[in-house]
Amino acid sequence: MMATVVAPARTVTASTTVERSQPTARFLVSPVFDLLFVCNLYWPLLLLIDGWGGLRAHETLLFWQVFFVTTPHRWITLFLVFGDGEKLHRSGRLFAGLAVLIVGSVSLLWLSTGSLLCLMAVDYLWNAWHFAAQHHGIYRIYSRQNSDSRRYRIFAEKWLFRVFILYVIARVAGWSWQYERLTQLAHSCDMWMLLLPLAVVGLQIERGFKRGWPGLIYTASVLSLFSAMLLAVHFNSKQMVLQLALASALFHAVEYLAIVSWSMNSKKTTERRDLFGHVGSRWLGYLVVFVVLIGASAWMLEQGAFKIWAAVNLMAAFLHYSFDGIIWKKPRSKTAREATS
């Protein structure tokens, strides 16, 4: 999703200067909001509900996750692009070109082959990178609130974080495909790979617990989830892998909607005098209506025309992945551009 994320604008005052000289632990919105919707600390509770409720509970959770959380979190990216006049003014041709390319390619491959299997394989690989990038991007939002900006540390944290998540997703795929030789090789690497999340958390602790503990909580939460998933694959616990995969999908989509809400409620957005500002100033109501409409529409389409729903969902997913890689990046400053030229 995002390697560097644009934060909502803040007015620079004397108190802001003091904050920067003496960094303190800060939440993006509030302790309750961050811990529930960004850090998703309730994910172990999902495992309990899923485990105790059996197949019926799992299918119920899966229904709500697919149609009313994951699907809306993908489609909302289209509004963030095509509903924002400023983005369209700056990069409208780029977004339109990507949309035509993706929709045209998916349609052409589907109509020519009659199958979506190849596109689903592309979706799995692209989604894996998207997962890793988004989680690392939110990690960077919190990390940027303290004063450490050493490049080697940023580089090390970035790749430790992303490589671990990518490895876990690859292990889940390899476990389900049952390639014996690759599985044996990966099995011998699993415990060593668990050192990566420990290293990331250790770097955050070394940086300063008091200055960054909201970010430390987020990091520990998301990396604990993926560590548990890796252990479930390692010990061949099929039921636990499925439960953790569902929890990770909910974690990913909920935190995205939370970050979008944080951005839409920023002063910079709500003070705008256009459609984007109007929606931002009434965000919660619009978000609820959007989630219900998209979720219900997706469910009805899936019931009556599964292949069409699958194709449209893939188009939305690919647009979501590609647009996310653009809209959340912080523009480089003039000074930075001059320094690297």
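The values are calculated or read from the model by the stated rules, or taken from the named source; none is laboratory data. No experiment lies behind these values; they were computed from the predicted model shown. All Cβ positions, glycine included, derive from the backbone under ideal geometry; neighbour counts span all protein chains shown.
Odds and ends about this structure:
- Among (1) assigned to a helix (DSSP H, G or I); (2) touching a residue at least 40 places away in the same chain (Cβ under 8 Å); (3) not hydrophobic (A, V, I, L, M, F, W, C), the one test that residue 236 misses: (1)
- Checklist (1) within 30 Å of residue 270 (Cβ to Cβ); (2) buried (at least 18 other Cβ atoms within 10 Å of the Cβ); (3) at pLDDT below 95 applied to residue 134, failing item: (3)
- When segment 300-341 is filtered for residues that are touching a Phe, Trp or Tyr at 6+ places or on another chain (Cβ under 6 Å) and at pLDDT below 95, the ones remaining, listed by number, are 301, 302, 311.
- Some residue of segment 250-273 being outside any helix (DSSP H, G or I) and either at pLDDT 95 or above or surrounded by fewer than 15 Cβ atoms within 10 Å (Cβ to Cβ) (or both): yes
- Counted residues, segment 82-116 - those being in contact (Cβ under 8 Å) with a residue 60 or more places away in the chain and either of a type in the set (S, T, N, Q) or outside any helix (DSSP H, G or I) (or both): 5
- From the list 309, 299, the one residue that fits, being over 19 Å from the mean Cα position of the chain (by Cα), of a type outside the set (S, T, N, Q) and either assigned to a loop (DSSP other than H, G, I, E, B) or crowded, with 17+ Cβ neighbours inside 10 Å (or both), is 309.
- Taken together, the criteria exclude residue 58 from residues that are in contact with an Asp or Glu (Cβ under 9 Å, 6 or more places away or on another chain) and within 26 Å of residue 217 (Cα to Cα).
- Residue check, residue 119 at pLDDT below 95, under 24 Å from the mean Cα position of the chain (by Cα) and assigned to a helix (DSSP H, G or I): yes
- Criterion: part of a helix (DSSP H, G or I), under 16 Å from residue 170 (Cβ atoms) and not hydrophobic (A, V, I, L, M, F, W, C) - qualifying residue of 214, 197: 197
- Of all positions in segment 39-47, at least one carries a residue that is part of a loop (DSSP other than H, G, I, E, B) and either at pLDDT below 95 or out of contact with any helix residue (DSSP H, G or I) (no Cβ under 6 Å at 6 or more places or on another chain) (or both).
- A single entry from 276, 323, 318 fulfils the requirement of being surrounded by 14 or more Cβ atoms within 10 Å (Cβ to Cβ), aromatic (Phe, Trp, Tyr) and out of contact with any helix residue (DSSP H, G or I) (no Cβ under 6 Å at 6 or more places or on another chain): 276.
- All positions within segment 195-209 that are crowded, with 17+ Cβ neighbours inside 10 Å and either without any contact (Cβ under 8 Å) to a residue 60 or more places away in the chain or in contact with a helix residue (DSSP H, G or I) (Cβ under 6 Å, 6 or more places away or on another chain) (or both): 196, 197, 200, 203, 204
- Residue pairs meeting the criteria (Cβ under 7 Å; at least 6 apart or on separate chains; first under 23 Å from residue 139 (Cα atoms), in segment 40-56; second small (Gly, Ala, Ser) and part of a helix (DSSP H, G or I)): 40/221; 41/221; 43/247; 46/247
- Matching residues in segment 148-175 - criterion: being at pLDDT below 85, in contact with a helix residue (DSSP H, G or I) (Cβ under 8 Å, 6 or more places away or on another chain) and of a type outside the set (A, V, I, L, M, F, W, C): 148, 153, 174
- Selected residue (criterion: modelled with the highest pLDDT) from residues of segment 17-34 that are under 18 Å from residue 216 (Cβ atoms) and touching a Ser or Thr at 6+ places or on another chain (Cβ under 9 Å): 33
- In segment 122-137, the residues that are within 15 Å of the chain's Cα centre (by Cα) and of a type in the set (A, V, I, L, M, F, W, C): 125, 126, 128, 129, 131, 132, 133
- Restricting 253, 245, 298, 311 to those that are under 30 Å from residue 106 (Cα atoms), touching a residue at least 40 places away in the same chain (Cβ under 8 Å) and touching a Leu at 6+ places or on another chain (Cβ under 9 Å) reduces the list to 311.
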